[in-house]
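Q: Supplied in structure tokens, the structure appears directly below.
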Amino acid sequence: MKDNCIFCKIAAGQIPSATLWEDENFRVILDLGPASRGHALILPKEHFADLCELDDTMAAKVLPLAKKVGIAMMKTLGCAGFNLVQNNGEAAGQTVRHFHVHIIPRYEGGPKIVAWEPGELTDVDKQQIVEAVRAGL
Ligand code: AMP
Ligand code: ZN
């Protein structure tokens, strides 16, 4: 547990939260500033700043849990789908440096929540990016 990390305290139950699920590794809570009705956050109980730090064993458990909660939301909240959002670093919009996954229910006719203007993949970019990222793997 990291000092002064609010999500460590919430995950440990030291700060009360609207908890949807809890097991030995994770707590799933409702987001206090929801993008849509039911917006939830998966928090590991152990502190990892972001995906780059996340332990691989824990990482392997995150998607099955997101799937479980997403399916329950579709059954019980009437959403027609859901987005998973996971921000890494301030530049990506991460405001709390404790790894978390957003589960955002999406309702028919609801507003766009996760969207971007598509650009164009140029031939030069294609070649340079493939070469650069492959070299970094
Ligand atoms: P991110 O921008 O990916 O770091 O997301 C942080 C999220 O945490 C935001 O959606 C906030 O609304 C949410 N949040 C911050 N503090 C709390 C809190 N105490 N309880 C529940 N959600 C929180
Ligand atoms: Zn933490």
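The values are calculated or read from the model by the stated rules, or taken from the named source; none is laboratory data. Small disclaimer: the values here were computed from a predicted structure and weren't measured. Counting neighbours? That spans all protein chains shown, and the Cβs are built from the backbone with ideal geometry, glycine included. Calculation scope for accessible area: heavy atoms of the full protein, side chains included, ligands and nucleic acids excluded. Shrake-Rupley method; radii C 1.70, N 1.55, O 1.52, S 1.80 Å.
Q: Looking only at segment 1-25, which residues are open to solvent by 100 Å² or more (accessible area, probe 1.4 Å) and away from ligand 1 (no atom under 12 Å from the Cβ)?
A: The first filter runs over segment 1-25 and keeps only residues open to solvent by 100 Å² or more (accessible area, probe 1.4 Å), leaving 1-4, 14, 16, 24.
Within segment 1-25, MET1, LYS2, ASP3, ASN4, GLU24 meet the criteria.
Residues are listed down the side, and each one gets a yes or a no for (1) within 16 Å of ligand 2 (Cβ to nearest atom); (2) at pLDDT 95 or above:
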{"site": "VAL85", "(1), (2)": "no, yes"}
{"site": "ASN88", "(1), (2)": "yes, yes"}
{"site": "ALA91", "(1), (2)": "no, yes"}
{"site": "VAL96", "(1), (2)": "yes, yes"}
{"site": "PHE99", "(1), (2)": "yes, yes"}
{"site": "ARG106", "(1), (2)": "no, yes"}
{"site": "GLY110", "(1), (2)": "no, no"}
{"site": "ILE113", "(1), (2)": "no, no"}
{"site": "PRO118", "(1), (2)": "no, yes"}
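Q: Determine, yes or no, whether LEU32 is within 11 Å of ligand 1 (Cβ to nearest atom), open to solvent by 90 Å² or more (accessible area, probe 1.4 Å) and either modelled with pLDDT of 95 or more or in contact with a helix residue (DSSP H, G or I) (Cβ under 6 Å, 6 or more places away or on another chain) (or both). Can you show your working first?
A: Details: within 11 Å of ligand 1 (Cβ to nearest atom): yes; open to solvent by 90 Å² or more (accessible area, probe 1.4 Å): yes; either modelled with pLDDT of 95 or more or in contact with a helix residue (DSSP H, G or I) (Cβ under 6 Å, 6 or more places away or on another chain) (or both): yes.
Criteria met by LEU32.
Q: Test of understanding: among LEU65, LEU43, which residue is within 13 Å of ligand 2 (Cβ to nearest atom) and open to solvent by less than 30 Å² (accessible area, probe 1.4 Å)? Walk me through how you get there before you give the answer.
A: Details: LEU65 fails: within 13 Å of ligand 2 (Cβ to nearest atom).
Criteria check complete, one pass: LEU43.
Q: Right, another one. Please report, ordered by residue number, the strands (runs of 3 or more DSSP E) entirely within segment 1-102 with at least 1 residues that are out of contact with any Leu (no Cβ under 6 Å at 6 or more places or on another chain) and touching a residue at least 40 places away in the same chain (Cβ under 8 Å).
A: Numbers: elements: 19-22, 26-30, 40-44, 81-85.
Where strands (runs of 3 or more DSSP E) fall fully within segment 1-102 and carry at least 1 residues being out of contact with any Leu (no Cβ under 6 Å at 6 or more places or on another chain) and touching a residue at least 40 places away in the same chain (Cβ under 8 Å), they are 19-22, 40-44.
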